[in-house]
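To start, the structure itself, in structure tokens.
Derivation of every value follows stated rules applied to the coordinates shown; laboratory data play no part. All of these numbers come straight from a predicted model, not from anything done at the bench. Reconstructed Cβ throughout: ideal geometry from the backbone, glycine too, with neighbour counts over all protein chains shown.
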Amino acid sequence: MRIPTDTWKYDLPPDRVMHLDRAPDGLDLLFHVADEIQARADPLRFVWEPACEKAGYYRARALIPCSPSLFDWMLNGPTGYRAHYYHSEVAGESFNLALLRRVVPELVRLDTWPGFTGSRGDGEKSFRGPSSKLALNKDAFQDAPILQLLAPRWLANRVNDDAMGLRAPRPPTAHFEIAGTWLDPLTGEVWLSPDKTDRSSRIHHRGFA
């Protein structure tokens, strides 16, 4: 799907608007992300992140370097991640799942993967878990100017003009973050954070979670 230009509006320089309007279809975007993993395997990093709300639980996180232009398409373009959530919560969740299905097989093929995931395969279990997602990089959004992406619903539902969903980050050194599902490393039990149960709704209504 592609959000129409009369809905997906920007307050950005003309050359950047032209770039965003030329975003490839969503399926092609997923292939571009997979290509970035193959092309930039060496600087790609895996980390285990501890859960603040649930002691002893961790999730896998992959930091995937990418070009600023691809980051822009994926996060701010009319066919990208947030655009799918703007269309509907179902479309957003479907796009998130399609992204994981395209990206995770590329991650597990990397030479650094066996040393990260361990003999039990906890890394893959985390990335394939029910709450795994493309994380919206809070630092990148906070560093972006306000009122850049002027989608009507997000404008109407903003708490103030500093609302994160109305920003369109394009960091000069960009990366995607794939956040897995929380696991107990001793038992493999999955934990779903109650703070994120309304994530899809928040992105749909406000552009950020």
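How long is the gain from residue 186 to residue 101 if the chain were fully straight, where each residue apart is worth 0.36 nm and the alpha carbon distance is subtracted?
Once the chain is fully extended between residue 186 and residue 101, it gains 28.0 nm.
How large is the helix-only mean residue ellipticity at 222 nm for the chain, computed as the sum of -39500 (n - 2.57) over DSSP H runs with n ≥ 4, divided by its residue count, in deg cm²/dmol to the nearest 500?
Theoretical 222 nm ellipticity from helices: -11500 deg cm²/dmol.
Show me the ranking of peptides 19-30, 72-83, 46-57 by mean Cβ neighbours inside 10 Å, starting with the highest.
So the order, starting with the most tightly packed, is 72-83, 19-30, 46-57.
Based on the Kirkwood radius over alpha-carbon pairs, what value in µm²/s does the Stokes-Einstein equation return for the translational diffusion coefficient of the range 42-127 at 37 °C and 0.692 mPa s?
The diffusion coefficient I find is 224 µm²/s.
Using label points projected 7 Å from each Cα along Cα→Cβ, tell me how many nm separate residue 49 and residue 94, to one decimal.
Inter-label distance under the simple model: 2.7 nm.
If you take the C-alpha gyration tensor of the chain, multiply each eigenvalue by 5 and take the square root, what semi-axes do you get, largest first, in whole Å?
Working through the eigenvalues yields semi-axes of 29, 20, 14 Å.
Need the full-extension length gain, residue 9 to residue 201, defined as separation in residues times 0.36 nm minus the C-alpha distance. One decimal, nm.
Gain on extension, residue 9 to residue 201, equals 67.0 nm.
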